[in-house]
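K.L.:
My questions all concern the structure below.
The values are calculated or read from the model by the stated rules, or taken from the named source; none is laboratory data. Since the model is a prediction, treat every value here as computed from it, not as a measurement. Cβ sites come from the backbone with ideal geometry, for glycine too, and all protein chains shown count toward neighbours. Protein only, heavy atoms only, side chains kept; ligands, DNA and RNA dropped before computing areas. Shrake-Rupley method; radii C 1.70, N 1.55, O 1.52, S 1.80 Å.
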Amino acid sequence: MQTQDTDILGNLESSIKEHIASIDTSKTELKKLKEMLSDMFSNDSTYQEHDKAVKEASKIRTKTKLELLKQPAAADLNNKIKEMSADLKDLQNALSDYLREYQRLSGSNEIEGDD
């Protein structure tokens, strides 16, 4: 039985090493392909013009958004959103803590809902 376990362990180790080598080879090839695609975009003048236009439009949009957020109604809504998001995160964290404690005390991973 011990020889069988040794053979299984050896085969498993061999498979692990083969997979690691395959992953490394794939990562290298993927990096090379991504660089080739990126170079294609970098060398295309139409793409470069459009990319420049997008960046400029993004800057304008950001400035406009910041100006709108200076308006009292927008600032108020933005603050309410931030507060509500923080409250929701707190509720979710508390629920997570309650569920962990419930599981620890009851040994169960399920709670039946009201509906």
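K.L.:
Can you spot a residue in region 64-76 that is without any contact (Cβ under 8 Å) to a residue 12 or more places away in the chain and not in a helix (DSSP H, G or I)?
P.N.:
Applying the first criterion (without any contact (Cβ under 8 Å) to a residue 12 or more places away in the chain) to region 64-76 yields 64-76.
When the remaining residues are screened for being not in a helix (DSSP H, G or I), the result is 70-71.
Looking for residues that are without any contact (Cβ under 8 Å) to a residue 12 or more places away in the chain and not in a helix (DSSP H, G or I), one finds at least one in region 64-76, hence yes.
K.L.:
Residue by residue through region 1-51, note down the ones that are among the charged types (D, E, K, R), under 27 Å from the mean Cα position of the chain (by Cα) and open to solvent by less than 90 Å² (accessible area, probe 1.4 Å).
P.N.:
At the first step, the residues of region 1-51 found to be among the charged types (D, E, K, R) are 5, 7, 13, 17-18, 24, 27, 29, 31-32, 34-35, 39, 44, 49, 51.
Keeping just the survivors that are under 27 Å from the mean Cα position of the chain (by Cα) gives 24, 27, 29, 31-32, 34-35, 39, 51.
Residues satisfying the conditions are Asp24, Glu29, Asp39, Asp51.
K.L.:
In addition: List every residue pair whose Cβ atoms lie under 9 Å apart, where the two residues are 6 or more positions apart in sequence or sit on different chains, the first residue falls within region 79-108 and is of a type in the set (Ser, Thr, Tyr), and the second residue, located anywhere, is open to solvent by less than 80 Å² (accessible area, probe 1.4 Å).
P.N.:
That search, which allows pairs on different chains as well, returns Tyr102/Ser108.
K.L.:
Note down all Cβ pairs under 7 Å where the first residue falls in region 25-48 and is modelled with pLDDT of 95 or more, the second is hydroxyl-bearing (Ser, Thr, Tyr), and they're at least six residues apart or on different chains.
P.N.:
Final answer for the pair search is Phe41/Tyr47.
K.L.:
Which of the residues spanning region 84-112 are open to solvent by 80 Å² or more (accessible area, probe 1.4 Å) and outside any helix (DSSP H, G or I)?
P.N.:
Matches in region 84-112: Asn109, Glu110, Ile111, Glu112.
K.L.:
Now for a separate question. Which members of region 60-83 meet the condition of being open to solvent by 90 Å² or more (accessible area, probe 1.4 Å) and of a type in the set (Asp, Glu)?
P.N.:
Answer for region 60-83, where residues must be open to solvent by 90 Å² or more (accessible area, probe 1.4 Å) and of a type in the set (Asp, Glu): Glu67, Glu83.
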